[in-house]
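Worksheet for the structure shown next.
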Amino acid sequence: MDSPHSDRVVDDARLSRVVSGLLVICQLLAVAGVVSGLLVGGAAGRLLSAAGVLALIGGPFLALVRIGVFAGRRRSTLVGYVLGTLAVAMLGAWLAR
Amino acid sequence: MGASLLELVAVGLLAGSFGAVLGVGGGIILVPGLILVAGLPFHSAVAASLVCIVGTSVAGSAVYLRQGRVDLAVGVRLQLFTVFGAVTAGLLAAQVPAGPLYMAFSLLLLITAYRMWPRRPAAAPSPEVVRERRPLAAGASVGAGVISGLLGVGGGILNVPILHLLLGMPFDRSAGTSVYMIGVTAAGAALVYLARGDVEIGIAGVVMVGTLAGAGVAALLGRRLDQRALKLIFALLLAYVAFRMGSRGLAAF
């Protein structure tokens, strides 16, 4: 953690564990959604699979929000990067509709 | 569905394990794999590949974060630029003249492959040099995002050289940070494709289960692999992608 890039605000073992835990939960939800979707089949199955895929896609954004909340408490400029990234991603999805 | 569930999961397993170890998303395997195995057209393969790359990132970074191999400070900062590139490319994919773009990226990747070739380790850059290179790293990250959004790859193919060559991060930490970064990049581009209804949920979901399993296991075992060998494989991979993009660019003229 002593590289010239490191920022002690976010190089926190606890934050890493929390973000890692969030990503594991998203994985479990995604697998549960896709597998149950395959088992159920039909329109309901398709809906379950879509929910699984959305749970997975939401994972990195959820992790980013958690990092932003963590950094925000320490008044880091990283909050700006987090908000900017989320805004660009959401704007892209809105423009694509 | 043109392929069996087992074949789709196998494509995902292969792409996930390969992508997690090298810090790329695995799109280099996923896009051709989905075209050849599942019979998807290129555009749908790119869309499904982006969803699966999120899987590689989520499973890989869950492990790398616990191992302390992700530099969150750098990752979060550069992510803004990669997501901007990926979303813009996703929105403009149909309007962009592909030929010159592919040729330019191909040349860039060839130069990067040469720079990534394993040689005697150079001294790590000083914090001042790293600070001076940050704007360049940000600009290059937009390029990584554009590659991701246009080709359905994770962008790690440029993220790793940016982190390793420009910012002087050790290779294994560069790969770990890149795996984390490609999650948001690919998710941003995947949202664009999803909003347009381009994602084949049935196929993407099944392949995604394979990438989750492959990336998780590979991230756990990958630390035992030789760094020099990994750099060699990465340089060869870059040269291969440069060749593929160059040929596609020539065909588009």
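The values are calculated or read from the model by the stated rules, or taken from the named source; none is laboratory data. Since this is a predicted model, take the numbers as computed values, not measurements. Cβ coordinates were reconstructed from backbone atoms using ideal geometry, including for glycine residues, and neighbour counts include every protein chain displayed.
Points to keep in mind about this one:
- Residue B:70 falls short on exactly one of the conditions (1) assigned to a helix (DSSP H, G or I); (2) among the β-branched types (Val, Ile, Thr); (3) touching a Lys or Arg at 6+ places or on another chain (Cβ under 9 Å), and that condition is (1).
- Among the conditions (1) over 24 Å from residue B:8 (Cβ atoms); (2) within 12 Å of chain A (Cβ to nearest Cβ); (3) of a type outside the set (Gly, Ala, Ser), the only one that residue B:136 does not satisfy is (2).
- Matching entry among B:123, B:137 (being touching a residue at least 24 places away in the same chain (Cβ under 8 Å) and not β-branched (Val, Ile, Thr)): B:137
- Helices (runs of 4 or more DSSP H) within segment B:92-185 that include 1 or more residues modelled with pLDDT of 85 or more: B:127-151, B:156-161
- Taking residues in segment B:1-27 that are surrounded by fewer than 24 Cβ atoms within 10 Å (Cβ to Cβ), and partners anywhere that are assigned to a loop (DSSP other than H, G, I, E, B), the pairs with Cβ atoms closer than 6 Å and at least 6 places apart or on different chains are B:2/B:38; B:2/B:39; B:3/B:38; B:18/B:26.
- Test: residue in segment B:45-67 that is surrounded by fewer than 24 Cβ atoms within 10 Å (Cβ to Cβ), of a type in the set (Ser, Thr, Tyr), part of a helix (DSSP H, G or I) and in contact (Cβ under 8 Å) with a residue 12 or more places away in the chain: no
- Among the residues of segment A:36-67, those that are facing chain B (nearest Cβ under 9 Å), under 17 Å from the mean Cα position of the chain (by Cα) and not small (Gly, Ala, Ser) comprise A:53, A:54, A:56, A:57, A:60, A:61, A:64, A:67.
- Given (1) closer than 24 Å to residue A:14 by Cα; (2) facing chain B (nearest Cβ under 7 Å); (3) not hydroxyl-bearing (Ser, Thr, Tyr), number of the condition residue A:70 does not satisfy: (2)
- Residue match in segment B:70-87 (condition: surrounded by fewer than 24 Cβ atoms within 10 Å (Cβ to Cβ), within 11 Å of chain A (Cβ to nearest Cβ), at pLDDT below 90 and closer than 19 Å to residue B:157 by Cβ): no
- Breaking point among (1) surrounded by fewer than 19 Cβ atoms within 10 Å (Cβ to Cβ); (2) under 19 Å from residue B:62 (Cα atoms); (3) touching a residue at least 12 places away in the same chain (Cβ under 8 Å); (4) not β-branched (Val, Ile, Thr), for residue B:224: (3)
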